[in-house]
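Take a look at the structure below.
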Amino acid sequence: MSDNSGNVLLALLTGAAIGAGIGILYAPDEGKKTRKKIKTKVVDAKHDITERLTHAKDELTKTVEEKKEAFEHKLEDTISNMSYKADDIIATLERKLEEIKVKNAKLHK
């Protein structure tokens, strides 16, 4: 989840909590009922926030795992390609060394 969407989610939840609180406080109920409604709303909001945070954590964990797997795959491919290129370079250098040895042997005769 990006920082921006996290801020939006927090703003929405805060606005909903404030709106619910104001609505309850201005409702024509006696104090005991109002306090009970406030407590219920707080518990519901806490449960909702907990669920959303758990969901966000799960999504983040899933995304991290996917990116990690993709990185490991690309790394393996890169190392494999580098290994093939190193083998080609070594083979080329060995051929050149043999050519130099042959030329050197001819010069010493």
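Every number here is computed from the coordinates shown, using simple stated rules; none is lab data. None of the values given here were measured: they were computed from a predicted structure. Backbone-built Cβ (ideal geometry, glycine too); neighbour counts: all protein chains shown.
Along the positive direction of the dipole of the chain (beta-carbon charges: Lys, Arg +1; Asp, Glu -1; about the Cα centre), which of Leu60, His108, Ile79 reaches farthest?
Leu60
Using the Karplus equation 6.51 cos²θ - 1.76 cosθ + 1.60 (θ = phi - 60°), what ³J(HN,Hα) coupling, rounded to whole Hz, does each residue of segment 73-88 give in order, writing x for Gly and Pro?
Per-residue couplings from phi come out as 5, 5, 5, 4, 4, 5, 4, 4, 4, 5, 5, 4, 5, 4, 4, 4 Hz.
Leaving out same-chain residues fewer than 8 places away, which lysines sit with a Cα under 21 Å from that of Lys96?
Cα-Cα hits under 21 Å: Lys85, Lys106, Lys109.
If you take the charge dipole of the chain about its Cα centre, with +1 on Lys and Arg Cβ and -1 on Asp and Glu Cβ, which of His47, Leu10, Leu25 is farthest toward its positive end?
Going by the Cα projections, it comes out as Leu25.
With Cα Rg over 2.2 N^0.38 Å as the read-out, I listed [x] 2.61; [y] 1.05; [z] 1.31; which label goes with the value calculated from this structure?
[x]
May I ask for the angle, rounded to the nearest 10°, between helix 3-25 and the longest principal axis of the chain, with both axes built from Cα atoms and the value confined to 0 to 90°?
10 degrees
Once you have the Cα-Cα distance between Ala16 and Arg95, take 0.36 nm times their residue separation minus that, and quote the gain in nm to one decimal.
Stretched fully, the Ala16-Arg95 segment lengthens by 20.9 nm.
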